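Heads up, the thing below is written out as structure tokens.
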Amino acid sequence: MALVESSRDELVALVGGLSSVRMDDYAVVGSYMRFGERVREQLKDARLRIAEACAQPAKRRDNHLLWAAPGSGKTYFVEQVAASLPDVAYVELNLAKLTEAGFREGLAAAIAGGPTICLIDEVDAKSGEPWPCEALMPVLDVNLERGGGIVFVLAGSSGSTIEEFKARIRARPKGTDVLSRVPEANGWEIAPMDAGDRILVALSQMLNAAGELDRSVAAVEKLALHYLAAAPHLANARQLREFAVRAVERGSASSDRIRYDDLFDSGDPENKRYWASVMPDAEPLVNSFVHIWEDGTRPRGPTGMRTPLALPDKPSIAVLPFTNLTGDPDQDYFADGIVEDIITGLSRIKWIFVIGRNSSFAYKGRPTDVKEVGRQLGIRYVLEGSVRKSANRFRIGAQLIDASSGTHIWADRYDRALDDIFAVQDELTISVVGVIEPTLRQAEIERAKRKRPDSLDAYDLYLQALPLAFTAMPENADRALALLGRAIELEPDYAAAHAIVAWCHEQRYLRGGLQEETKRVAIHHARRAIAEGGDDAAALATAAFVVAVVESDFATATDAFDRSFALSPSSALALGFSSIVRAWNGDFETAVEQAGRSIRLSPLDPLLYLPYVGLAYAHFGAGRFEDAAIAAGRASQSNPEFTMPHVLHAAALASLGREPEAMAEVDRLRELDPQLTVGAATRSARYVDAARIAELGDALLRAGLPG
């Protein structure tokens, strides 16, 4: 019997070297697993990209192209991705098996509901027909109309690489147009299963079958694994599953070990032929067993770390060593340097508890289970990633995971040229740290929402107040202040809470008739936050903004912003607040630069409206009304309830001579605040130059806002 993809010696060495297999170490998603680390990491990237598109829908195309070798389980992979995501539907359409009417009907159903992953299998089938691509084109653009949440995965196995697969699609009518709807970064390959993959699939199916039969499988004879990896007729996951299930059914109910003899019926001639072909090479594998481990069945981790640690009273994170997938061991220093810099950057954010470098690097060079890392290190979140190199470029993939549940919170890729590798390292570090801060903040807010009211501490109360404060509207500020007042009673020196209290009172001050008492309270809490928050970048930046708005004290604000940036140069929140203040102070170009950095660092932040408001103020002040209108419109999309973006949008449109559009924007503005006047609107624009305020007021009058 010929061995598949491995020589007999290599296969004996592979199986003989196994003493135990921990299944979770090899899982990509759900029950889909692969043996090779490179393949696992690539498929994890694909899974995370697809999951992000479903969980964080945006007005962009989220289509993917998936080429897979026959028998590698591409359909099962996509199905498992969908199954791992709550509230995401899964639709599978096989183009080769469908008529035109059936295909169009299936596509219409796929886009009719909520978040959906739709797999179009054998997408290059029916090559002589024009209708497949004609039917696909409108739905591949559906995210642009619906705001995202629908992900199409175009898959197939033709050709020997993804490039050959693409060539076959291009050759069909409108095939090039279809491929243009798939971002280059969303092209994926699933390599053929190797011997290790076959072993994993067989073991996984044995465990599943044993569970269904209320049996236990704890170990499998190495000779049995040798056969499962070598037999040519076990070429795909389906065949391996059927064979593994039969083996469990034949095994003794009183034993938790599967033996080679359990693979065959009594007197099976195939068994005899196999024995004759592999002996004596595989004789050492006889009566030798590989143990199988599932999640939580044995302790792992660095020496001495066996007892789970308690979680600290603030968000906690471990940054694991990034996997070097460049194929060049000499590039380990680059991957390690990225991780060390990220740890340093996160350590500057006071409200995040960060595991030190030495503890994180204890996990280098071996597969890890993030749930177990969380238990061993006593942390809630894990950041892991990988480094790839292609020609003169590096690609960094990173993902943030909730260690308690295994849920992926965020993932992204960063592609950079290698012109200056150390500058690239710095830029990547700032990018990753910048996006993690607001992502963790949002995850913590969601966690706090789920806590029982009688178990809330000062931090939980603060978190529950944040979404209300973030709207920047006085009615929500009142609700936030009730929570923040309780937080400060529990912890009087809580700088972050004082900063948000100050911001809430600033909102009430500007939109509540400029009450002196409200101003006094805002200033008191802002200056308390600056005094208490010397090591809290977010508290300093928020308080700096309030001081600039309420007191027009730009010197104190600038100093607090500088201290904030010194603590955390990648704080999107600080950059957003600072861009607004810079614009008011007439430093328009710095305002544009800071706003751009804030947006780039955290494009999915709930506070994204802040830098866009900064851009709108800067462009309006500089007379760039077209740019101001665009920025104000994007600020409104980020925070539809906040009135100032609508004010700036209407003024910019009127300044462009587009009065009908400006009046329509004022109508939307009056729906949010029926009592708003030009005088009240311009009070929120704290331009130092009075001419800018007058120009804003004149534009609003032309737009139809009452004086």
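The values are calculated or read from the model by the stated rules, or taken from the named source; none is laboratory data. The structure presented is a predicted model; accordingly, all values stated were derived computationally and were not measured. Note that each Cβ is placed from the backbone with ideal geometry, even for glycine, and that neighbours are counted across all protein chains shown. Quick note on the areas: whole protein, heavy atoms, side chains included, nothing else; ligands and nucleic acids left out. Shrake-Rupley method; radii C 1.70, N 1.55, O 1.52, S 1.80 Å.
Please go through the stretch 389-411 and pick out each residue that is touching a residue at least 40 places away in the same chain (Cβ under 8 Å), within 15 Å of T323 (Cα to Cα) and open to solvent by 40 Å² or more (accessible area, probe 1.4 Å). Hit for the stretch 389-411 is K389, nothing else.
Counting only residues that are closer than 28 Å to T344 by Cα, give me the helices (runs of 4 or more DSSP H) lying completely in the stretch 459-572 with at least 2 of them. Even if it seems obvious, please write down each step before you answer.
Values: elements: 474-490, 495-511, 516-532, 537-551, 554-567.
Filter on the stretch 459-572 gives 495-511, 516-532, 537-551, 554-567.
Among the conditions (1) touching a residue at least 24 places away in the same chain (Cβ under 8 Å); (2) over 30 Å from P569 (Cβ atoms), E491 misses just one, which is (2).
Just checking: which of the helices (runs of 4 or more DSSP H) contained wholly in the stretch 115-170 hold 1 or more residues that are within 21 Å of V78 (Cβ to Cβ), more than 28 Å from the chain's Cα centre (by Cα) and modelled with pLDDT of 90 or more?
Numbers: elements: 131-140, 142-146, 162-170.
Passing ranges, in order: 131-140, 162-170.
Quick one: in the stretch 103-114, of everything that is surrounded by 15 or more Cβ atoms within 10 Å (Cβ to Cβ) and free of Cβ contacts under 8 Å to residues at least 40 places away in the same chain, which residue is farthest from V78 (Cα to Cα)? The extreme case among them is R104. Taking the criterion of being of a type in the set (G, A, S), modelled with pLDDT of 90 or more and either buried (at least 22 other Cβ atoms within 10 Å of the Cβ) or under 20 Å from the mean Cα position of the chain (by Cα) (or both), the only residue of the stretch 62-102 that qualifies is A68.
Taken over the stretch 347-387, residues that are small (G, A, S), within 20 Å of P315 (Cα to Cα) and surrounded by fewer than 20 Cβ atoms within 10 Å (Cβ to Cβ) amount to 4.
Every listed requirement among (1) assigned to a loop (DSSP other than H, G, I, E, B); (2) of a type outside the set (A, V, I, L, M, F, W, C); (3) over 37 Å from the mean Cα position of the chain (by Cα) is met by T682 save one, (1). Restricting the first member to the stretch 79-101 and to residues that are in contact (Cβ under 8 Å) with a residue 12 or more places away in the chain and among the hydroxyl-bearing types (S, T, Y), and the second to residues that are open to solvent by 30 Å² or more (accessible area, probe 1.4 Å) and assigned to a loop (DSSP other than H, G, I, E, B), the beta-carbon pairs closer than 9 Å and six or more apart or on different chains are S84/G30. Among the conditions (1) more than 27 Å from N287 (Cα to Cα); (2) in contact with a helix residue (DSSP H, G or I) (Cβ under 9 Å, 6 or more places away or on another chain); (3) of a type in the set (D, E, K, R), the only one that E41 does not satisfy is (2).
One residue stands out in the stretch 526-565 among those that are open to solvent by 40 Å² or more (accessible area, probe 1.4 Å) and in contact with a Leu (Cβ under 7 Å, 6 or more places away or on another chain): the one that is modelled with the highest pLDDT, namely R563. Of all residues in the stretch 327-348, those satisfying the criterion of being at pLDDT 80 or above and closer than 17 Å to V382 by Cα are A335, D336, I338, V339, E340, D341, I342, I343, T344, G345, L346. Scoring A690 on the criteria (1) without any contact (Cβ under 8 Å) to a residue 24 or more places away in the chain; (2) surrounded by fewer than 15 Cβ atoms within 10 Å (Cβ to Cβ); (3) in contact with a His (Cβ under 8 Å, 6 or more places away or on another chain); (4) of a type in the set (A, V, I, L, M) leaves a single failure, condition (3).
When the residues of the stretch 217-256 are narrowed to those that are of a type in the set (S, T, N, Q) and over 19 Å from V21 (Cβ atoms), which ends up surrounded by the fewest Cβ atoms within 10 Å (Cβ to Cβ)? Break it down into steps so the answer makes sense when it comes.
Just the residues of the stretch 217-256 that are of a type in the set (S, T, N, Q), to begin with: 236, 239, 252, 254-255.
When the remaining residues are screened for being over 19 Å from V21 (Cβ atoms), the result is 236, 239, 252, 254.
Values: N236: 16, Q239: 15, S252: 11, S254: 6.
Once the filter is applied, the top-ranked residue is S254.
Does S598 satisfy the condition of being assigned to a helix (DSSP H, G or I), of a type outside the set (F, W, Y), in contact with a Gly (Cβ under 8 Å, 6 or more places away or on another chain) and modelled with pLDDT of 95 or more? Against the criterion (assigned to a helix (DSSP H, G or I), of a type outside the set (F, W, Y), in contact with a Gly (Cβ under 8 Å, 6 or more places away or on another chain) and modelled with pLDDT of 95 or more), S598 does not qualify. Checking each residue in the stretch 459-476 for being of a type outside the set (D, E) and farther than 14 Å from A448 by Cα picks out A469, F470, T471, A472, M473, P474, N476. Only residues that are in a loop (DSSP other than H, G, I, E, B) and of a type in the set (D, E, K, R) were counted in the stretch 261-294, giving 4.
Among the residues of the stretch 203-232, just one is more than 13 Å from Y260 (Cβ to Cβ) and basic (K, R), namely R215. Here C54 meets the list (1) part of a loop (DSSP other than H, G, I, E, B); (2) within 21 Å of G406 (Cβ to Cβ) almost entirely, failing just condition (1). Total residues in the stretch 418-453 satisfying the condition of being open to solvent by 30 Å² or more (accessible area, probe 1.4 Å) and of a type outside the set (F, W, Y): the figure is 16. Annotation for the stretch 299-309: at least one member residue is within 30 Å of R259 (Cβ to Cβ) and either of a type outside the set (D, E, K, R) or modelled with pLDDT under 75 (or both). When the test is whether a residue is in contact with a Gly (Cβ under 8 Å, 6 or more places away or on another chain) and modelled with pLDDT under 95, A572 passes it.
In this structure, I523 does not qualify as buried (at least 24 other Cβ atoms within 10 Å of the Cβ) and either of a type in the set (A, V, I, L, M) or closer than 21 Å to A685 by Cα (or both).
One line per residue, one yes/no per condition, for (1) over 30 Å from Y414 (Cα atoms); (2) free of Cβ contacts under 8 Å to residues at least 24 places away in the same chain; (3) touching a strand residue (DSSP E or B) at 6+ places or on another chain (Cβ under 7 Å):
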position	(1), (2), (3)
E189	no, no, yes
A195	yes, no, no
R198	yes, no, no
L203	yes, no, yes
L223	yes, no, no
P232	yes, no, no
R241	yes, no, no
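Quick test for you: out of V613, V666, V647, V688, pick the one residue that is among the β-branched types (V, I, T) and part of a loop (DSSP other than H, G, I, E, B).
Numbers: V613 fails: part of a loop (DSSP other than H, G, I, E, B); V666 fails: part of a loop (DSSP other than H, G, I, E, B); V647 fails: part of a loop (DSSP other than H, G, I, E, B).
Of the residues listed, the single one that is among the β-branched types (V, I, T) and part of a loop (DSSP other than H, G, I, E, B) is V688.
Kindly evaluate K126 against the criterion of being open to solvent by 30 Å² or more (accessible area, probe 1.4 Å) and either of a type in the set (S, T, N, Q) or touching a helix residue (DSSP H, G or I) at 6+ places or on another chain (Cβ under 7 Å) (or both).
Numbers: open to solvent by 30 Å² or more (accessible area, probe 1.4 Å): yes; either of a type in the set (S, T, N, Q) or touching a helix residue (DSSP H, G or I) at 6+ places or on another chain (Cβ under 7 Å) (or both): yes.
Yes.
A Cβ distance below 6 Å, combined with a sequence gap of six or more or placement on separate chains, defines the contacts here; from the stretch 511-535, residues that are under 25 Å from E491 (Cβ atoms) reach residues that are outside any helix (DSSP H, G or I) and open to solvent by 30 Å² or more (accessible area, probe 1.4 Å) in the pairs E532/D493; D535/K350. Would you check if D177 is part of a helix (DSSP H, G or I), at pLDDT 85 or above, acidic (D, E) and open to solvent by 10 Å² or more (accessible area, probe 1.4 Å)? When the stated conditions are applied, D177 passes them.
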